[in-house]
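A short worksheet on the structure shown next.
The values are calculated or read from the model by the stated rules, or taken from the named source; none is laboratory data. All figures in this text were calculated on a predicted structure; none of them were measured in a lab. We place every Cβ from the backbone using ideal geometry, glycine too, and count neighbours over all the protein chains shown.
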Amino acid sequence: MCMNFPLIYITYTCKSCVIGYIIIIIITIYIYDLLIIYTFDCGCSIGSLGWEMNEPGVQNVTVKTTTFVGTTNGLRIKAWARSSNGFVNGVYFKGATMMNVKFPIIIDGNYCPNNNNCPNEASGVKISNVMYENVHGTSATRVAVKFDCSKGNPCSGIVLKDVDLKFGGQPANSSCLYAAGTASGLLQPTSCL
């Protein structure tokens, strides 16, 4: 099933919700209410960004009231580890429920599967001003919050507010690499920002 929205393409080619494919400019605010994803793949992903050197950015995206059941990813931003002038700015994820999701919150700023087409490179995509608010539920892995940002272009302005994710009935872990931001409210796992 595919759904087309102005400047946004949502597809199930990888059994996912993909927002902001590489050559799409998003210049207005989009709000999605009550998105439920039952898959075993990509979850709700802003990406793949940074494949081309000159590509537009993704900005002003709001995703609200989502539920993920058994997905590999929950709320994901993905950028290739390649030179690019692309960017992600002003993303707001609010009200997400995770049910046994492998990576509930993830920024993958060094995407390079099998070291193919990007070995030893850093992403040029600038990821900034991304907020995760009221995200709760269960992770299928110990690391429930992972910000793996580019050494050459660190993530900035990342905000965690009221995040409560458990792994096996215990608090999960978080992992940050080249990510800066703030955290407030209820925080499980403890913030690494």
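Check the stretch 177-188 and report whether any residue there is surrounded by fewer than 23 Cβ atoms within 10 Å (Cβ to Cβ), part of a loop (DSSP other than H, G, I, E, B) and either touching a residue at least 12 places away in the same chain (Cβ under 8 Å) or basic (K, R) (or both). Yes, some residue in the stretch 177-188 is surrounded by fewer than 23 Cβ atoms within 10 Å (Cβ to Cβ), part of a loop (DSSP other than H, G, I, E, B) and either touching a residue at least 12 places away in the same chain (Cβ under 8 Å) or basic (K, R) (or both). Against the numbered list (1) modelled with pLDDT of 80 or more; (2) within 27 Å of H136 (Cβ to Cβ); (3) over 13 Å from the mean Cα position of the chain (by Cα), Y12 comes up short only at (1). Can you name the residue in the stretch 100-123 that is part of a loop (DSSP other than H, G, I, E, B) and more than 17 Å from the chain's Cα centre (by Cα) and, of all such residues, is nearest to P189 (Cα to Cα)? Looking at residues that are part of a loop (DSSP other than H, G, I, E, B) and more than 17 Å from the chain's Cα centre (by Cα), I get A122. For the criterion of being surrounded by fewer than 17 Cβ atoms within 10 Å (Cβ to Cβ), out of contact with any helix residue (DSSP H, G or I) (no Cβ under 7 Å at 6 or more places or on another chain) and within 19 Å of P189 (Cα to Cα), R76 fails. Taken together, the residues in the stretch 141-186 that are within 19 Å of V88 (Cβ to Cβ) and either touching a helix residue (DSSP H, G or I) at 6+ places or on another chain (Cβ under 9 Å) or at pLDDT below 95 (or both) amount to 4.
Condition test on N89, is it at pLDDT 90 or above, within 21 Å of D148 (Cα to Cα), under 15 Å from the mean Cα position of the chain (by Cα) and surrounded by fewer than 23 Cβ atoms within 10 Å (Cβ to Cβ)? When the stated conditions are applied, N89 passes them.
So, N117, is that one polar (S, T, N, Q), in contact with a strand residue (DSSP E or B) (Cβ under 7 Å, 6 or more places away or on another chain) and surrounded by fewer than 17 Cβ atoms within 10 Å (Cβ to Cβ) or not? Quick ask: steps written out before the conclusion?
Working: polar (S, T, N, Q): yes; in contact with a strand residue (DSSP E or B) (Cβ under 7 Å, 6 or more places away or on another chain): no; surrounded by fewer than 17 Cβ atoms within 10 Å (Cβ to Cβ): yes.
Here the answer is no, as N117 does not meet what is asked.
Would the stretch 124-147 turn up any residue that is over 11 Å from the mean Cα position of the chain (by Cα), over 22 Å from T190 (Cα atoms) and of a type outside the set (K, R)? Within the stretch 124-147, one or more residues are over 11 Å from the mean Cα position of the chain (by Cα), over 22 Å from T190 (Cα atoms) and of a type outside the set (K, R). Scoring L193 on the criteria (1) surrounded by fewer than 22 Cβ atoms within 10 Å (Cβ to Cβ); (2) at pLDDT 95 or above; (3) on the phi < 0 side of the Ramachandran plot leaves a single failure, condition (2).
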